[in-house]
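Okay, so here's the structure we're looking at.
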Amino acid sequence: MRAGLKRGFTLVEILVVLSLVGVLALPFTNMFMFGVRGSQDNAEHVLAYNLARDKMEEIKGLPFELVKSDYENFRDVYQDRQGFDEPYYNDSAFENYFSDVFTDESLKDSDQRMTWNRLKIAYPKTYLRNLQTYPPDYLNYRRVVKVERITESAMPSKMKKVTVLVFDKEGKKIAELATLIGQHK
């Protein structure tokens, strides 16, 4: 070898190494992206279950006779509103529209604002507290309470099954909590 001759990497060698690094890094990139998506999904589920749990705790503190479904308590928020006949007359349709979760951003929508104004009048009679807005993180959630009486033979019902459902903005159910509430004497 001659003195002063320096040996370096050729362009082909550099491209081969970069290709190999790229091929080896691809699974790690996918794994990282999967982890990020999983973290976002987990955060959404945590918020949804917190909404459900908060409502369930609120219901547990009510007198037995006040424990009713949102349809029974709040269907009047859709009364006399153009385009909302179906949720007023049909409890399944009501479940697709109703929510007691409002943020400052959601109240910019006129339909949401009208629901809020009507709901905040009825809410204290039902839940014995004022309706409040939620932080911006809750913008894309809806919450609905369903209550079924548990009947056994000819005995008057002393049990109710309470289910709290939380939906995302596409209407997909992402949280559901249920419990039995009994009337004790």
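Tell me which residues, restricted to region 109-126, are surrounded by 14 or more Cβ atoms within 10 Å (Cβ to Cβ) and over 20 Å from E170 (Cα atoms).
Of everything in region 109-126, those that are surrounded by 14 or more Cβ atoms within 10 Å (Cβ to Cβ) and over 20 Å from E170 (Cα atoms) turn out to be M114, W116, R118, L119, K120, A122, Y123, T126.
Is region 20-30 home to any residue that is of a type outside the set (F, W, Y) and touching a Leu at 6+ places or on another chain (Cβ under 9 Å)?
Taking every residue of region 20-30 in turn, none turns out to be of a type outside the set (F, W, Y) and touching a Leu at 6+ places or on another chain (Cβ under 9 Å).
Is at least one residue of region 67-80 out of contact with any helix residue (DSSP H, G or I) (no Cβ under 8 Å at 6 or more places or on another chain), assigned to a loop (DSSP other than H, G, I, E, B), modelled with pLDDT under 95 and over 17 Å from V144 (Cβ atoms)?
Yes: one or more hits.
Out of all the residues in region 8-50, which are of a type in the set (D, E) and at pLDDT 80 or above?
E13, E44
With (1) surrounded by 17 or more Cβ atoms within 10 Å (Cβ to Cβ); (2) of a type in the set (D, E); (3) closer than 16 Å to I59 by Cβ as the list, and E95 as the residue in question, which single condition is left unmet?
(3)
Please go through (1) closer than 22 Å to N50 by Cα; (2) touching a residue at least 60 places away in the same chain (Cβ under 8 Å); (3) surrounded by 12 or more Cβ atoms within 10 Å (Cβ to Cβ) for R129 and return the number of the only condition it doesn't satisfy.
Only one criterion is unmet by R129, namely (3).
The values are calculated or read from the model by the stated rules, or taken from the named source; none is laboratory data. What you see is a predicted model, and the numbers here were worked out from it, not measured in a lab. When we count neighbours, we look across all protein chains shown, and the Cβ atoms used for this are built from the backbone with ideal geometry, even at glycine.
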